[in-house]
1. When residues of the range 57-102 are filtered for being over 21 Å from the mean Cα position of the chain (by Cα) and closer than 25 Å to F11 by Cα, how many remain?
2. Could you list, in sequence order, all residues of the range 70-111 that are buried (at least 23 other Cβ atoms within 10 Å of the Cβ), away from the ligand (no atom under 12 Å from the Cβ) and of a type outside the set (V, I, T)?
3. Which of the residues belonging to the range 110-125 are of a type in the set (G, A, S) and more than 12 Å from the chain's Cα centre (by Cα)?
4. Of all the residues that make up the range 1-47, how many are at pLDDT below 95 and of a type in the set (F, W, Y)?
5. List, please: which pairs have Cβ atoms under 9 Å, are six or more places apart or on different chains, and start with a residue in the range 270-283 that is of a type in the set (K, R) and end with one that is open to solvent by less than 80 Å² (accessible area, probe 1.4 Å)?
6. Would you pick out the residues in the range 1-37 that are within 13 Å of the ligand (Cβ to nearest atom) and open to solvent by less than 50 Å² (accessible area, probe 1.4 Å)?
7. Condition first: part of a helix (DSSP H, G or I) and of a type in the set (A, V, I, L, M). Can you find one or more residues in the range 249-265 that meet it?
8. Given the criteria assigned by TED's automatic domain parsing to the domain that holds I176, crowded, with 20+ Cβ neighbours inside 10 Å and touching a Ser or Thr at 6+ places or on another chain (Cβ under 7 Å), does G123 qualify?
Amino acid sequence: MEIKVAKSAGFCFGVQRAVDKVYAEIAKNASLPIYTYGPIIHNEEVVSDLKEKGVHIINTQEELESVKEGTVIIRSHGVGRIQEEQIRSMGLNLIDMTCPFVKKIHRIADEQSRAGKVILIAGNPSHPEVQGIMGWCSGPVFTVETPQELDQIAMTLEKEACLVAQTTFNDKKFKILVDLIQKKRYDIYCARTICSATRERQEEAAQISSWADGMIVIGSSNSSNTQKLYEICKKECNSTHYIQTAEDLNQQWFLAAEKVGVTAGASTPNNIIEEVLRNVRGF
Ligand code: F3S
């Protein structure tokens, strides 16, 4: 069995930078508590290791309000303006690890909505990154995922609009939205804000899965970018399997496979990828 592993599999630079920062703060051994605003990444292993090392997670606004002192680290997904201002106004030490690709979207949403435009976000409305972007819009904002949704909103728009994308939005689906805007001549400025790490990962996943007759996608079940990788791979290779760790592997999946591809989401640590590979090589 031939195995091909995506070079882009695993931590992207934005996640790596945020995780490294939390460990660096722990190493300082300061007496004040360390918090992350939401889990630093969608990976239970890393999150529970940080918990053991004394890092607390703030999950809600109420929990934030009860914090009296210490450091609050904003994860790569970013937060809205209100949350950021609140942390500062509470006199807490704020470390902003929002990924620069996400920060750029905050800037666009802020500037364009101040200029009077309606903001459209191609993305999942319940994802924290999208909620954070919405929190930088000072006027009307909508989320869209399909051309039908976009068309419905665009037909009712009375002002100019600006379309941005969640950094992990499917690149092909974004192009379909832009094509629709051009075809119907809607007055919508499009900012292609899908991050390059995501684009490369998706392109490589499509390439490898079109070559493979068995495909493994590794990542947490609540990781948006891993779910998208799975969708992309499943289209190319029917025998695509989504796993969280090596324990989820099933040898039966690959009995007839000669070429197996492996990729992983941006929040999958290397040790998990390596363990999966050791197991697959043993099949
Ligand atoms: Fe940043 Fe892209 Fe990773 S937006 S956090 S580099 S997936």
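1. Count: 2.
2. Scanning the range 70-111 gives a single hit, A109.
3. Step one: filter the range 110-125 for residues of a type in the set (G, A, S), giving 113, 115-116, 122-123.
Residues satisfying the conditions are S113, A115, G116, A122.
4. Of the residues in the range 1-47, 2 are at pLDDT below 95 and of a type in the set (F, W, Y).
5. R278/A246; R281/I3
6. Residues of the range 1-37 that are within 13 Å of the ligand (Cβ to nearest atom), as a first pass: 8-21.
Across the range 1-37, the qualifying residues are S8, A9, G10, C12, G14, V15, A18, V19.
7. From the range 249-265, those part of a helix (DSSP H, G or I) are 251-254; that's our starting set.
Of the ones still in play, those that are also of a type in the set (A, V, I, L, M) are none.
No, the range 249-265 contains no residue that is part of a helix (DSSP H, G or I) and of a type in the set (A, V, I, L, M).
8. Numbers: assigned by TED's automatic domain parsing to the domain that holds I176: yes; crowded, with 20+ Cβ neighbours inside 10 Å: yes; touching a Ser or Thr at 6+ places or on another chain (Cβ under 7 Å): yes.
Against the criterion (assigned by TED's automatic domain parsing to the domain that holds I176, crowded, with 20+ Cβ neighbours inside 10 Å and touching a Ser or Thr at 6+ places or on another chain (Cβ under 7 Å)), G123 qualifies.
The values are calculated or read from the model by the stated rules, or taken from the named source; none is laboratory data. All values derive from a computational prediction rather than experimental measurement. Neighbour counts are summed over all protein chains in view; Cβ atoms, including those assigned to glycine, are modelled from backbone coordinates with ideal geometry. Just so you know, the surface numbers come from the protein's heavy atoms only, side chains and all, with ligands and any DNA or RNA stripped out. Shrake-Rupley method; radii C 1.70, N 1.55, O 1.52, S 1.80 Å.
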